[in-house]
Amino acid sequence: MKTRIGFISNSSTSSFVVVGFRVTEEESDSFENSLQPDSDGNLQDAYDYLYDNNFTVLHGSDVGISDDSVVWGIEIADGDECGLENKEFKIDELKKQPKLKELMEQMGIDRELILFMGTRAC
């Protein structure tokens, strides 16, 4: 049996590609403190709404986003240390994203959709 002496890291990372939009901390906090309708029209917590609709929330420099902003979006690809999974998207499809447009309408904001790519700790 071999014994390793010294620092052993058990951390891993994953890569991601998210299409979404950037909001300020204030906009994010305001929305997250509100109640949103679920698919049956019942009001639910904003976090539940985001989770139920498969939204991804990125924030913090640990994922390459400035500390004073938050990105809300839809993860379109992810991967592990071996790289991203192979996928293909049409640019026109990425630009439409009806779920994101609906979310912006609910928040009362109009933003350009941006493609975010990065790595995060798992």
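The values are calculated or read from the model by the stated rules, or taken from the named source; none is laboratory data. Computed from a prediction, not measured in an experiment: that's the story for all the values here. Cβ placement follows ideal geometry from the backbone for every residue including glycine, while neighbour counts extend to all protein chains displayed.
Restricting to the stretch 75-100, give me the number of residues that are loosely packed, with under 14 Cβ neighbours inside 10 Å and over 20 Å from Ser15 (Cβ atoms).
Residues flagged as loosely packed, with under 14 Cβ neighbours inside 10 Å and over 20 Å from Ser15 (Cβ atoms) within the stretch 75-100 amount to 8.
What's the number of the condition Ile74 fails, among (1) within 13 Å of Phe116 (Cα to Cα); (2) at pLDDT below 75; (3) not hydroxyl-bearing (Ser, Thr, Tyr)?
(2)
Can you tell me which residue in the stretch 45-60 is surrounded by the most Cβ atoms within 10 Å (Cβ to Cβ), limited to those that are touching a strand residue (DSSP E or B) at 6+ places or on another chain (Cβ under 6 Å) and more than 21 Å from Arg120 (Cβ to Cβ)?
Out of the qualifying residues, it is Tyr49.
Starting from residues that are assigned to a loop (DSSP other than H, G, I, E, B) and not polar (S, T, N, Q), keep the ones in the stretch 62-71 and report whichever is modelled with the lowest pLDDT. Spell out how you get there, then give the answer.
Narrowing the stretch 62-71 to residues assigned to a loop (DSSP other than H, G, I, E, B): 64-68.
Retained after the next criterion (residues that are not polar (S, T, N, Q)): 64-65, 67-68.
Values: Gly64: 68, Ile65: 72, Asp67: 71, Asp68: 73.
The residue in question is Gly64.
Restricting attention to the stretch 34-43, does a residue exist that is assigned to a loop (DSSP other than H, G, I, E, B) and modelled with pLDDT of 85 or more?
Going through the stretch 34-43, the residues assigned to a loop (DSSP other than H, G, I, E, B) turn out to be 34, 38-42.
Filter again for modelled with pLDDT of 85 or more, leaving none.
No, there is no match, as no residue in the stretch 34-43 is assigned to a loop (DSSP other than H, G, I, E, B) and modelled with pLDDT of 85 or more.
Taking the stretch 77-102 as the region of interest, how many residues are modelled with pLDDT of 85 or more and among the hydrophobic types (A, V, I, L, M, F, W, C)?
So the count comes out to 1.
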